[in-house]
Amino acid sequence: MKHSVPILCVSLALLTSSAAARLPTPAATPEAQAKAAEAAARTAWVGKTDNYMLCVAQDKVAAKYRASATSAGKTVPAATATPPCTDPGPFVYAAAEPAKPLEAAGAHSPPATAASPPSTTTPAAATNPTPKP
């Protein structure tokens, strides 16, 4: 009896975890998708800001090293050309406009009003003279 209780607990845990793994993910609402897009944009901006701050700090350290090395009488090699640090500026998020549904986009309607009916009295053989195989 002592050995069957842990085995039973482990098997029960495995069964419940496999059942939970098969649950479908809930559908994301438009508000949740907009929040996720804004969070992704903010994360990208934070990364750019961090890179800018790192670039500025590296430039300061390199300038201080060059100044201390030249004051100590050491020969300093020429600086390697690097691109200047670019400040990403303040965070500005412009939400993308949601895509219009096909009906509102005019996908089913011609751009202008039809002047004549789409069908004609001309037989199909006269319009398309190539015979079918």
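Tell me yes or no: at least one residue of segment 21-38 is closer than 27 Å to CYS85 by Cα, modelled with pLDDT under 95 and surrounded by 11 or more Cβ atoms within 10 Å (Cβ to Cβ). First the steps, then the outcome.
The first filter runs over segment 21-38 and keeps only residues closer than 27 Å to CYS85 by Cα, leaving 37-38.
Cutting the leftovers down to modelled with pLDDT under 95 gives us 37-38.
From what is left, the residues that are surrounded by 11 or more Cβ atoms within 10 Å (Cβ to Cβ) are 37-38.
Yes, some residue in segment 21-38 is closer than 27 Å to CYS85 by Cα, modelled with pLDDT under 95 and surrounded by 11 or more Cβ atoms within 10 Å (Cβ to Cβ).
Within segment 70-98, can you find the residues that are under 18 Å from ARG42 (Cβ atoms) and either loosely packed, with under 10 Cβ neighbours inside 10 Å or touching a Cys at 6+ places or on another chain (Cβ under 9 Å) (or both)?
Of everything in segment 70-98, those that are under 18 Å from ARG42 (Cβ atoms) and either loosely packed, with under 10 Cβ neighbours inside 10 Å or touching a Cys at 6+ places or on another chain (Cβ under 9 Å) (or both) turn out to be PRO90, VAL92, ALA94, ALA95, ALA96.
With the condition kept exactly as written, say whether any residue in segment 54-61 is small (Gly, Ala, Ser), over 30 Å from THR80 (Cα atoms) and either surrounded by 10 or more Cβ atoms within 10 Å (Cβ to Cβ) or at pLDDT below 90 (or both).
No, the conditions are met nowhere in segment 54-61.
The values are calculated or read from the model by the stated rules, or taken from the named source; none is laboratory data. Just so we're clear, the structure is a prediction, and the values are computed from it rather than from any experiment. With ideal geometry, Cβ positions are generated from the backbone for all residues, glycine too; neighbour counts draw on all protein chains shown.
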